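Peer 1: Below are the structure tokens for one structure; questions will follow.
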Amino acid sequence: MARVPLNNPDDPGLDPHAKALLEAVHAAQPDVGLLNVHRALSNHPVAMEQFMALATTVYFDNSLPTARMRELPYLTSAMANNCFY
């Protein structure tokens, strides 16, 4: 069981702002679905908005031209931290 409640957009008692954010995330990446980080952050919609702005900047609005180049920093940091990626 999660220590932080994981919200679903279908929950009747969910804050309308959080519901709209969860639906926006799901619409943006329908093949992935809702990740637990999104469901947990929806407990605090303002924090979720900030997280989404950061994630959009890091993952989509960067200056690296190709997907292969965008993957390089992830691989480099994983190797530097002895992480399996």
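Peer 1: Restricting segment 60-85 to residues that are surrounded by 10 or more Cβ atoms within 10 Å (Cβ to Cβ) and either in contact with a Lys or Arg (Cβ under 9 Å, 6 or more places away or on another chain) or of a type in the set (Gly, Ala, Ser) (or both), which is modelled with the lowest pLDDT?
Peer 2: Applying the filter and picking the extreme gives Asn62.
Peer 1: Moving on to the next point. What are the residues in segment 56-77 that are under 23 Å from His38 (Cα atoms) and either touching a residue at least 40 places away in the same chain (Cβ under 8 Å) or among the aliphatic types (A, V, I, L, M) (or both), if any?
Peer 2: Listed by number, the list holds a single entry, Val58.
Peer 1: Tell me yes or no: at least one residue of segment 27-37 is touching a Leu at 6+ places or on another chain (Cβ under 7 Å), exposed (fewer than 11 other Cβ atoms within 10 Å of the Cβ) and in a helix (DSSP H, G or I).
Peer 2: Checked segment 27-37: at least one residue is touching a Leu at 6+ places or on another chain (Cβ under 7 Å), exposed (fewer than 11 other Cβ atoms within 10 Å of the Cβ) and in a helix (DSSP H, G or I).
The values are calculated or read from the model by the stated rules, or taken from the named source; none is laboratory data. Because the structure is a prediction, the values reported are computed rather than measured. Reconstructed Cβ throughout: ideal geometry from the backbone, glycine too, with neighbour counts over all protein chains shown.
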